[in-house]
Amino acid sequence: MRYALIGCGRISPNHFEAAKNNGLNIVAISDIVEDRMQEKKENLKLSDNVEFFIDYKQLLEQTKPELVAICTESGKHAQIALDCIDAGCHVIIEKPMAMSISDADAIIAAAKGKNVVVCACHQNRFNKSIQKIREALDEGRFGKLLHGAAHIRWNRGKQYYDQAPWRGTWEQDGGALMNQCIHNIDLLRWMMGDDIVEVFAYTDNLIHPYIEAEDLGLVLIKFANDAYGLIEGTTNVYPKNLEETLYIFGQKGTVKAGGQSVNIIEEWNFADGKDDPEYIKATYHENPPNVYGFGHTPLYADVIDAIQNDRQPYVTAEDGKRAMELVLAIYKSAVEGKPVKLPLRNTSTMDFVGRFNEK
């Protein structure tokens, strides 16, 4: 299968590795900085036949890839995705899939119109730990879901933002919740039932005056199934990333996933007693080298299978929209100082430009 990647930034090596692990034919790369493409080609030992393009539209026209990964700054995801879909390409879109509800809806509609597969790259759904928790959930082992909590206690300093001026801007990125926390936000919504009644939140920019968006978010969620959710997301933890955790509390079960990217099971207790908690914790345990985890390779495998068998991927464009919608609802609630009902209509990160200017 002919594969191309657009955007050779921080996450691109994980995509190239996943492409190679799945036997894809990497035919082309696009980036607005040519040296970055050459660096990736050399460091990742890509084939000499890989073509470079400054203009991704020329890539689409001249190399005609079947599958494209979009790894540019977030604010460019939607337009590039629409152009790829229009060219008949299947697409993997890095998170967040778009910066507005209308752009997400446009991607979903275009994909249906062209009958192509679009996957939102929420690779942590493929963690061994998360897959095991989802299995228990699907089997009904939790009983009635009571509440869940996602904690993302990380650190991002000025050096990180200086590396790429689009980071932390409303137009191209959003803040800690939209960038660093959205994977765990996706997991919480997915585990707790997807359908949300309302969200109430506080956000703030406490120690990052050089970015436009938030470095802290504290959130309460009411789900349609009468369960509740909590989100604590921050990039203010001293002196480095502390943890990313996901808790699921049910009437008959309690689970905690932790580690760098919710890749280990730290608590596993169910009333049915059908398995040994210590065995589960030892078996469903991964130690990735960074917060990106090991999920890209199985995500790619699923997308390839979805293309070959004309089915939806495990992580759909609709899933990507739901994660992004929840973050936008958090932003909206924090600005308005009141609960926000879902679903959202016509909301964008650009609605919050100037949010922290007074600070």
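The values are calculated or read from the model by the stated rules, or taken from the named source; none is laboratory data. From a predicted model like this one, the values you see are computed outputs, not experimental measurements. For neighbour counting, all protein chains shown are included, and Cβ atoms are generated from backbone atoms with ideal geometry for every residue, glycine included.
No other residue among 359, 341 is surrounded by fewer than 20 Cβ atoms within 10 Å (Cβ to Cβ) and modelled with pLDDT under 95 apart from 359.
The rows are residues; the columns are (1) buried (at least 24 other Cβ atoms within 10 Å of the Cβ); (2) closer than 30 Å to residue 343 by Cβ; (3) at pLDDT 95 or above.
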site	(1), (2), (3)
47	no, no, no
63	no, no, yes
97	yes, yes, yes
100	no, yes, yes
110	no, yes, yes
113	no, yes, yes
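Which of the residues that make up the stretch 149-164 are outside any helix (DSSP H, G or I) and modelled with pLDDT of 95 or more? Once the filter is applied, which keeps residues that are outside any helix (DSSP H, G or I) and modelled with pLDDT of 95 or more, the stretch 149-164 yields 149, 150, 151, 152, 153, 154, 155, 156, 157. Listed by position, the strands (runs of 3 or more DSSP E) contained in the stretch 33-148 that have at least 3 residues being without any contact (Cβ under 8 Å) to a residue 60 or more places away in the chain are 51-53.
Summed over the stretch 307-359, the residues that are under 16 Å from the mean Cα position of the chain (by Cα) and aromatic (Phe, Trp, Tyr) give a count of 1. No other residue among 283, 254 is loosely packed, with under 14 Cβ neighbours inside 10 Å and not assigned by TED's automatic domain parsing to the domain that holds residue 107 apart from 283. Name the single residue that is nearest to the chain's Cα centre (by Cα) among those in the stretch 1-45 being among the polar types (S, T, N, Q) and surrounded by fewer than 17 Cβ atoms within 10 Å (Cβ to Cβ). Looking at residues that are among the polar types (S, T, N, Q) and surrounded by fewer than 17 Cβ atoms within 10 Å (Cβ to Cβ), I get 21. Is one or more of the residues making up the stretch 182-196 within 15 Å of residue 325 (Cβ to Cβ), in contact with a Phe, Trp or Tyr (Cβ under 7 Å, 6 or more places away or on another chain), assigned to a loop (DSSP other than H, G, I, E, B) and acidic (Asp, Glu)? Looking through the stretch 182-196, at least one residue is within 15 Å of residue 325 (Cβ to Cβ), in contact with a Phe, Trp or Tyr (Cβ under 7 Å, 6 or more places away or on another chain), assigned to a loop (DSSP other than H, G, I, E, B) and acidic (Asp, Glu).
For the residues 153, 141, 134, 189, the requirement of being surrounded by 19 or more Cβ atoms within 10 Å (Cβ to Cβ) and either out of contact with any strand residue (DSSP E or B) (no Cβ under 8 Å at 6 or more places or on another chain) or not aliphatic (A, V, I, L, M) (or both) singles out 189.
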